[in-house]
Every structure is written in C-alpha cells, then in structure tokens.
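First the structure, in the form of structure tokens, and then the observations on it.
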Amino acid sequence: MAAASGEKLAFSKDWMVVMVQDLSDADENDNSEEQKIIARQKRLSAQNAILTILDMFAAIIAPLGSGFVLKHLGLMNTCIIIVGWNILGWAAESAILFWIYQRVEALSIKSSVVDRDETNLEKNRLSIIRMFKIYFNQAVFPAALGLTFLYMTVLAFDGISISYGEREGFDASILGTFQSIGSGFGMFAALSFPFLASKFGLTNTAFFGLTTELISLGICIISIFLPGSPFNVISYFSSTTFKDWWQTLLDTFKSTALKSDASMNESSGMNWAKFEVNQKPADSLFFLFTGITMARFGIFFVLMAI
C-alpha cells in the first residue's frame, strides 16, 4: 500500500509536472514567459483531470468486479484471481513507466546539488523551535494546515467503514456498489472541475467542493440517530465496566483464520422487502454509506484545487 501510494504520488505530482513542462517548452518556444506559464497551468490541470478520471474509472470497475467474483466464486478463488491480476498489472505498469522514462528525456535529468562546507552546515542548523517558527510564517501555512484538517474530516471506504458495514450485515455486492457510485461521483468532479474553475475561479470552486463535502458529512451524522444505529452512549457507559472493556479489547486480537466462510458470515443479509439488515432497520446504514459516497464529489473538488 505504501509503495503504491508513493508511486502514485511520484507520478502525479513529480513526473506529470516534468512532462507537462517539457511539452510546453517544446510547443511554445515563441511565446512569452507569462504565456508559457498560463499554458503550462492549463495543460497541467487538464492532465490531472484525465489522471483522476482514469483512476476513478478503475475504482468503479474494481469494487463491482471483486464483489461479483467474491459472491459467485468464493474467497479462495477470489484471492487467486487478485494475486494473478496484481502480478500481470505490475509487469504491465513497470513496462509502461520504463517506456515513459526512456521517451521523456527531462525525467532522467537530475537537479544539481550544491556542495556545502561542513562548517557552513553546522552554522545553518536550526533548532526545532526556530524551524516551526519559519514554517508558521510561510505563505502556504494556512493552506497546509487546512488540508491537514480536511483529511481529518474525510470519511472513505477504508477498513473501518467496510468492516462496520460487513458487521452490520452488508454483503460484498452492496459495499462494492457504494464504492463504485462514490468513484462515479469522483469522476464527475474531475470532469466538471476544469469548466467550473475557469468560469467561477479556483477559490470559489474549491469552496463549493468543501461545502458539498461538509453537507455529505452531515448526512453521516444524521445516520447516527436513525433506526438501526448501534449508537447509544448513555447505555454503553452506564453498563460497561473496565473488565468488560478489557475483555472485548483482547477478543478483537483473537485469530479467526480457522473459521470457515459459513461461521464467519452469520448475517441474515439484506431484506429489501422490509428494508432490514440482520433483522434491524437499514435506515442508519444506508444514510451513513450514502453520505460517504456523496462526499467523494466534494473531496475530489478540493484535492484538485489544491
């Protein structure tokens, strides 16, 4: 996961910038420097939108496909298929990245590093407090801090939300459908971002995305108080002792590797006629995952703006 995230970050934030700059310099030799910068920003925005669309398209297909395979072929066959797909994908991805690296000469040019005397390095060393002061005085500090807080509010289809949905009774097909719809919202954001940014400005577009993301999070908050929600703080703290809490914590680390698929899936599933899951109202679950799904639209607006 870390390697994949690092590769994605390097390609989208480093390689893409270098390639766009190289293409812009080759196509616009006669233009002024200001015109080159404007054209480069437009091309970079368009290329980022294309990358996001491709990423979202893959994110739409993957949950639907994995949910279908898991439901009809079983856990073991699904694992074999995923491993085989990853091996083939790694080989194809490596070949494509190598081809791009060989084709774009600017990617192989390293920036020069100025050698410094050891004595000068000792003089220029800053204390931790001074480094923080310099960081706080940077012009980008408010934006960086805001982005940090933004990530603290993001609800995504991660291990916690997926595990919660499975525990409450959602099967892989329902969760995969929510993930695919969320990726569709992200693709729609990527498609509409260049148009809205050019018409209303980058700041207003980012503010619109942030507003829609917060509205979606409000839907998730409402889900806590709807029928079927396990949320009951007063009852929990009035009946739970430290011994019970400690035992529950220890039980979470017990291995379940030897359990069969049947014993792991004791859920009665979704009853669409009564709109119940595990014989409980499904209102809370659907509101929660609907909010998470809709939030993908706003969060991708903000990320592309930043």
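Odds and ends about this structure:
- Residue within region 255-269 that is at pLDDT 70 or above and either part of a loop (DSSP other than H, G, I, E, B) or polar (S, T, N, Q) (or both) present: yes
Rundown of residues vs (1) in the same structural domain as residue 170 (by TED's automatic domain parsing); (2) outside any helix (DSSP H, G or I); (3) more than 22 Å from residue 291 (Cβ to Cβ), yes/no style:
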{"position": "198", "(1), (2), (3)": "yes, no, yes"}
{"position": "205", "(1), (2), (3)": "yes, no, no"}
{"position": "208", "(1), (2), (3)": "yes, no, no"}
{"position": "215", "(1), (2), (3)": "yes, no, no"}
{"position": "228", "(1), (2), (3)": "yes, yes, no"}
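Let's see how each residue does on (1) under 23 Å from residue 70 (Cβ atoms); (2) assigned to a helix (DSSP H, G or I); (3) β-branched (Val, Ile, Thr):
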site: 162; (1), (2), (3): yes, yes, yes
site: 178; (1), (2), (3): yes, yes, no
site: 188; (1), (2), (3): no, yes, no
site: 191; (1), (2), (3): no, yes, no
site: 195; (1), (2), (3): no, yes, no
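- Count of region 126-150 residues which are closer than 24 Å to residue 291 by Cα and either free of Cβ contacts under 8 Å to residues at least 12 places away in the same chain or exposed (fewer than 15 other Cβ atoms within 10 Å of the Cβ) (or both): 4
- Residue 172 being within 16 Å of the chain's Cα centre (by Cα), assigned by TED's automatic domain parsing to the domain that holds residue 148, farther than 18 Å from residue 291 by Cβ and not basic (Lys, Arg): no
- Matching option when the condition is modelled with pLDDT under 75, over 19 Å from the mean Cα position of the chain (by Cα) and either within 25 Å of residue 191 (Cβ to Cβ) or in a helix (DSSP H, G or I) (or both), among 81, 100, 96, 38: 38
- Residue list for region 151-178, restricted to those being buried (at least 17 other Cβ atoms within 10 Å of the Cβ) and among the hydrophobic types (A, V, I, L, M, F, W, C): 155, 157, 162, 170, 172, 174, 175, 178
- Candidate set from region 34-61 (those that are β-branched (Val, Ile, Thr) and closer than 15 Å to residue 180 by Cβ); member that is surrounded by the fewest Cβ atoms within 10 Å (Cβ to Cβ): 61
- Matching residues, region 181-212, being among the polar types (S, T, N, Q), at pLDDT 85 or above and surrounded by fewer than 22 Cβ atoms within 10 Å (Cβ to Cβ): 192, 204, 211, 212
The values are calculated or read from the model by the stated rules, or taken from the named source; none is laboratory data. Keep in mind that what you see is a predicted model, and the values were worked out from it rather than measured. Note that we place each Cβ from the backbone using ideal geometry, even for glycine, and neighbour counts take in every protein chain shown.
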